[in-house]
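The values are calculated or read from the model by the stated rules, or taken from the named source; none is laboratory data. Keep in mind it's a predicted model, so treat the numbers as computed, not measured. FYI the Cβ positions are ideal-geometry reconstructions off the backbone, even for glycines, and counts take in every protein chain you see. Calculation scope for accessible area: heavy atoms of the full protein, side chains included, ligands and nucleic acids excluded. Shrake-Rupley method; radii C 1.70, N 1.55, O 1.52, S 1.80 Å.
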Amino acid sequence: MRNTVLQLCLWSAYCCFATGDPTPLGPEGRLQGEFDKSRVVPTAAKPPVRFNLRTSEDPEDEGCDLSLGHSQPLEDCGFNVTAKTFFIIHGWTMSGMFENWLYKLVSALQTREKGANVVVVDWLPLAHQLYVDAVNNTRGVGHSIAQMLDWLQGKEDFSLGNVHLIGYSLGAHVAGYAGNFVKGTVGRITAIAEVLKCEHERAVHLFVDSLVNQDKPSFAFQCTDSNRFKKGICLSCRKNRCNSIGYNAKKTRNKRNSKMYLKTRAGMPFRVYHYQMKIHVFSYKNMGEMEPTFYVTLYGTNADSQVLSLEMVEQIGLNATNTFLVYTEEDLGDLLKIKLTWEGKSQSWYNLWKELRSYLTQSRGSKQELHIRRIRVKSGETQRRLTFCAEDLENTLISPGQELWFHKCLDGWRMKNQTSPTVEHL
């Protein structure tokens, strides 16, 4: 399981994989102000932009080139003016060749949208330059795409609303320019922007995953920073705070920039299931600082999870509620019970240092022990909340090397523990 947090940058409340306003991006992936469409693009002697209609999923197939102002190639290539039309726009290149992700994206679109026109915008000669020169070429390429779209709008039954521009890397800049220069409003613009904090091409694979695994959409959650996300604080879908990513992303009206986070599997399908866990930790002794290493195992109606580590983003709070994020690769179904384990002594230098530091901060003769009576769980994907009570309400103590079991509270935790005068309230 990949333990990486992917940060998705939103503009106009659309995920990087989602529809965005046709506003161009700056050198760092940030939005710039709108450009006056009447501004004239310099007519330098530069290689033309090719529009290659992909007629086969075979990467070796040369496709069929469309020509601005010439109707015959449209007919010869089998361009369907009534169908959806996708323009795939690559970015800066060091090799001067198409990368593998492009062919995967073409294949995924052809599989998902049968009969659609999939056009690769080939500006390789202009992108295979020093990066700053390639950036300067994006405006002209965007203008070329707009010209092609304006010409196609003159064809009967062709609708700009059926057009989807998909840009990767500097292709996101190109898509923004094209959306500004075209006469009308493009149906969708997807920019898989460079500000996406993940390894190279990861963004494209997430988008491809959303096409081929439409029954397993990945969800991202709005959060101010990664630490809050790692604590599970941000698994809310209220007021458009969550969204599926990629091709299946939903349009929202929120216009301010937002950061979205999610966990993923190592490979497709990337979807995981996020859970927020709230654990109230009691200590009846003044024990100083503690750094326990907790693990949980979730048991559901469909499957059981692996042993999951509770990541300590900050020092655990005693006599306080601590919040954690865990995630599973499988859909566990309805959760039935939870096993909480406190790791025993370890031979690693880090854990030995933690034990020494805990020992030095504790009172003499004190023992490492905590009391945990209940665990509250919220599912990010379903937004369902559940409370789990300790199996034995008379024995809620846990020490290193021990475990506690928690079962779904039958009728609310207060009713199961209503006779206890020391029950905590959150």
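For a 18 Å ceiling on Cα separation, which of these pairs sit above it: 230/259; 231/263; 104/263; 278/339; 263/339; 337/408?
Long pairs (Cα-Cα over 18 Å): 104/263; 263/339.
Determine the sum of side-chain charges near residue 382: Lys and Arg each +1, Asp and Glu each -1, restricted to other residues whose C-beta is under 11 angstrom from that of residue 382.
0
When the chain is fully extended, how far beyond the present Cα-Cα distance does residue 80 get from residue 314, taking 0.36 nm per residue of separation?
So the chain would gain 78.6 nm between residue 80 and residue 314.
Rounded, prolate or oblate for region 106-265? Axes are the square roots of the Cα gyration tensor eigenvalues, ordered a ≥ b ≥ c, and the cut-off for rounded is a/c under 1.5.
The shape class here is prolate.
Give me the percent of DSSP beta bridges within region 145-253 that run antiparallel, rounded to the nearest 5.
40 percent
With a 1.4 Å probe and every protein chain left in place, tell me how much accessible area residue 168 has, in Å² to the nearest 10.
Approximately 30 Å² of residue 168 is accessible to the 1.4 Å probe.
Using 0.36 nm per residue, how much length does the chain from residue 100 to residue 216 gain when fully extended, once their Cα-Cα distance is taken away?
Here the answer is 39.4 nm.
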